[in-house]
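Q: This structure is in structure tokens; I'll ask about it shortly.
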Amino acid sequence: MPSFTPESPDPSNAELLSAAAGGDQDAWNTLVARYGRLVWSVARSFRLSPADTADLSQTAWLRLVENLGSITESERLGAWLATTTRREAIRLLRRRNREIPADEQEEQSDEGADGPEERILVDDEYRQLRAAMAQLPERCRTLLRVLAADSGASYAQLSAAMGLPIGSIGPTRARCLEKLRAHMS
């Protein structure tokens, strides 16, 4: 396997992972530059505070460090990072729900609402949206969450993370939104 050099025009993920596992900081920096926006966008899609989003992003990168030598499908590194970030976010949210007393959770959900009528309408809309999203295939849910995060992730990064051809992301998004509209009706 050829070794990574910072001058390489487009090193493969396998080269970068191998070099990073060997302690090469330039290889690690290249991985972060290549997938950092993707990790950040998946983390942001969970609507956490900026501090929690940053912590979640760092945790995802830590998981990569811990697994540098065990990733066998290096061409699917983007998907691995997206999945890892999602799993860490879910773990964080579950832990947070266990730590916050129920009465404080209600107070937090009340923030920003004008009155009881508006809260009921907003809660109902969110409930309908969550129910409609739950009926979508996982691929649609993931794509819509990442795109809704307005992360600036490029179609190339989305393509690598989700295993979709670049040209099919827009049409897939349109089909997913159409399915979501149908479920909302």
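Q: Examine segment 41-52 for a residue that is touching a Phe, Trp or Tyr at 6+ places or on another chain (Cβ under 9 Å), assigned to a helix (DSSP H, G or I) and more than 17 Å from Gln157 (Cβ to Cβ), and state whether such a residue exists.
A: Checked against the condition, which is being touching a Phe, Trp or Tyr at 6+ places or on another chain (Cβ under 9 Å), assigned to a helix (DSSP H, G or I) and more than 17 Å from Gln157 (Cβ to Cβ), segment 41-52 yields at least one hit.
Q: OK, next. Pairs needed: first member in segment 50-79, more than 14 Å from Ala20 (Cα to Cα); second member anywhere, among the acidic types (Asp, Glu); C-beta distance under 6 Å; at least 6 residues apart or different chains.
A: Matching pairs, first to second residue: Leu56/Glu88; Thr59/Glu88; Ala60/Glu88.
Q: For segment 144-158, name all the residues that are modelled with pLDDT of 75 or more and not in a helix (DSSP H, G or I).
A: Residue satisfying the conditions is Ser154 alone.
The values are calculated or read from the model by the stated rules, or taken from the named source; none is laboratory data. Just so you know, these numbers come straight off a predicted model, no measurement behind them. Please note: Cβ atoms are built from the backbone with ideal geometry, for glycine as well, and neighbour counts cover all protein chains shown.
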